[in-house]
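Report on one structure; see the data block that follows.
Taken together, the values in this text are just the output of simple stated rules run on the coordinates, not laboratory data. Treat the numbers as computed from the prediction; the structure is a model and nothing was measured. Glycine also receives a Cβ, built like all others from the backbone with ideal geometry; neighbour counts cover every protein chain displayed.
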Amino acid sequence: MSDLSKRRLKTWIRLLGVTRAAENRLRDYLRREHGTTLPRFDVMAALWRRREGVTMSELSRMLLVSNGNATAVVDRLETDGMVRREAEDDDRRRIRVRLTPGGLAAFETMAVGHEAEVDAIFAELTETDLDRLREILARAGKNEAGRSE
């Protein structure tokens with residue numbers, strides 16, 4: 001193994017550690033402050049971005065999870081009155097999921113705190129650091145996206 005290869009491996013381990021620590025902090029924040037979970041927040045965020053609603057298949061693709069996982073989260077959100085399912089007019093078999101007015105308000109409240117937590121997680125990074133990091137991650141993503149399986 002070359003020195004550069006070892007450095008890449010150590011970088012991957014560091015990146016994974018930072019990601020897991022940040023995710024754990026956000027999970028804890030959402031549980032403590034809003035009585036919710038990160039998957040529920042993620043579903044609500046996806047639906048907030050697509051106010052017209054999405055099909056379950058679209059939601060699964062957006063979140064990179066299985067249809068079963070997305071369905072389980074949506075079921076709980078629907079029970080809590082945060083989302084609703086609606087059959088499409090032109091094809092009653094296709095169901096769109098969207099935030100309810102209460103779900104929209106709840107998400108927007110959670111999103112403010114979530115942003116503040118993310119800001120605190122990255123508080124030690126300057127604007128220049130963030131710009132460099134985004135550029136580096138974009139390059140790394142392009143390299144991965146270009147791979148063929």
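Run ILE95 past the list (1) among the hydrophobic types (A, V, I, L, M, F, W, C); (2) out of contact with any helix residue (DSSP H, G or I) (no Cβ under 6 Å at 6 or more places or on another chain); (3) touching a residue at least 24 places away in the same chain (Cβ under 8 Å); (4) closer than 28 Å to ALA116 by Cβ and report the number of the one that doesn't hold.
(4)
Out of all the residues in segment 37-75, which are within 17 Å of MET110 (Cβ to Cβ) and touching a Ser or Thr at 6+ places or on another chain (Cβ under 9 Å)?
MET44, VAL73
Can you tell me which residue in segment 5-32 is surrounded by the fewest Cβ atoms within 10 Å (Cβ to Cβ), limited to those that are touching a Leu at 6+ places or on another chain (Cβ under 8 Å) and of a type outside the set (Asp, Glu)?
Looking at the filtered set, the residue picked out is ARG27.
Given the condition aromatic (Phe, Trp, Tyr) and either free of Cβ contacts under 8 Å to residues at least 12 places away in the same chain or touching a Gly at 6+ places or on another chain (Cβ under 6 Å) (or both), answer yes or no: does some residue in segment 39-48 qualify?
No.
Among the listed residues ARG31, ARG14, ARG40, which satisfies the condition of being more than 17 Å from the chain's Cα centre (by Cα) and part of a helix (DSSP H, G or I)?
After ruling out the rest, the residue left standing is ARG14.
All but one of (1) surrounded by 12 or more Cβ atoms within 10 Å (Cβ to Cβ); (2) free of Cβ contacts under 8 Å to residues at least 40 places away in the same chain; (3) over 14 Å from the mean Cα position of the chain (by Cα); (4) within 26 Å of LEU137 (Cα to Cα) hold for SER2; which doesn't?
(1)
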